[in-house]
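I have placed the structure first, in the form of structure tokens, so that the comments after it can refer back to it.
The values are calculated or read from the model by the stated rules, or taken from the named source; none is laboratory data. What you see is a predicted model; the values in this text were computed from it and never measured. Here the Cβ positions follow ideal geometry from the backbone for every residue, glycine too, while neighbour counts run over all protein chains shown.
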Amino acid sequence: MNPDHKDHGRRVVGLFGRIAPWYDFLNHFLSLGCDVVWRKRLRRCVRVHRTNRVLDLAAGTLDVSREIVRHMPDVDVVAMDFSEPMLRRGQRKIRGKGEEGGSLSRPRIQPVVADGRALPARDECVDCVTIAFGIRNIRPREAAYREVLRVLTPGGRFCILEFGAGRQKILRGFYNLYLHRVLPLIGRIFSGDPQAYRYLAESIQEFPDAGTLCGELLQAGFARAYSVPMTFGIVQLHIAEKAGTEREV
Ligand SMILES: C[S@@+](CC[C@H](N)C(=O)[O-])C[C@H]1O[C@@H](n2cnc3c(N)ncnc32)[C@H](O)[C@@H]1O
């Protein structure tokens, strides 16, 4: 792997390890609770047709994984993330709750420490891959696309939830102010780590727009890709589908 990408991966893992104790609180606080709605919308795009298994990539503190098992009783989730402290934080939330993964006989959420660029999973072993606010942290993104395509069953779906640039000009001004001033300030006050929240703002700004991202997904080999803007384009849901006839429509 290119040393820059290796380095970036290490830095990102360190960063999320440091902010893990504050991650959930700051997430809800900084998004004014919108993150809950955005993840629900992502879950509604999840489809299964053969394995009844979903891979939640960059699963963090498991909010997407929990949302899936809560609403899809026949589905199991493999929750992969590079940062062990983030997954551990998530596991504390599911411990003791049978319906969300606490059953010893068949835990429905299986957390695995793994790099999205080299997934420890067989070919065609999941029907759907979700990733919420994770893809912009992975470099190069193409390595993740390749792995997602490999592990998806034919007809499987890749559902990406990610920040967008904000579509309206006036809103974009406020949004930029928020990203570059408010976010690092609040991050510093609560987590003592302004650098982490500065990185967050920069990574959002560097992320490609919806059209470019869909182009990347098609180029990577997905048969179909489209985006749905949410909250004035502050967040985008990107759906990409692997070729195949097995998925029921
Ligand atoms: C902003 S958090 C999102 C967590 C969760 N999906 C959510 O909705 O809150 C980004 C996550 O991506 C993970 N991550 C970053 N690079 C990764 C990689 N190469 N492979 C797997 N996970 C990665 C980080 O450890 C972090 O937990």
Which condition from (1) within 11 Å of the ligand (Cβ to nearest atom); (2) under 15 Å from the mean Cα position of the chain (by Cα); (3) closer than 24 Å to Arg141 by Cα is the one that Arg66 breaks? (3)
Of all residues in the stretch 194-249 being outside any helix (DSSP H, G or I) and charged (D, E, K, R), the one that is farthest from Glu124 (Cα to Cα): Asp209
Would you mind finding the one in Pro111, Pro154 that is in contact with a Gly (Cβ under 9 Å, 6 or more places away or on another chain) and over 18 Å from Ala59 (Cα atoms)? Pro154
All strands (runs of 3 or more DSSP E) inside the stretch 41-159 with 1 or more residues being small (Gly, Ala, Ser), in contact (Cβ under 8 Å) with a residue 24 or more places away in the chain and crowded, with 21+ Cβ neighbours inside 10 Å: 76-81, 126-132
Within the stretch 228-247, track down each residue that is within 13 Å of Arg157 (Cα to Cα) and surrounded by 14 or more Cβ atoms within 10 Å (Cβ to Cβ). Leu237, His238, Ile239, Ala240, Glu241, Lys242, Gly244, Arg247
Scan the stretch 184-193 for residues that are touching a Phe, Trp or Tyr at 6+ places or on another chain (Cβ under 7 Å) and assigned to a loop (DSSP other than H, G, I, E, B) and report the count. 0
Might you check whether a residue that is more than 19 Å from the chain's Cα centre (by Cα) and either over 20 Å from Asp35 (Cα atoms) or modelled with pLDDT under 85 (or both) occurs anywhere in the stretch 201-209? no
For the stretch 1-35, how many residues meet the condition of being within 10 Å of the ligand (Cβ to nearest atom) and among the aliphatic types (A, V, I, L, M)? 5
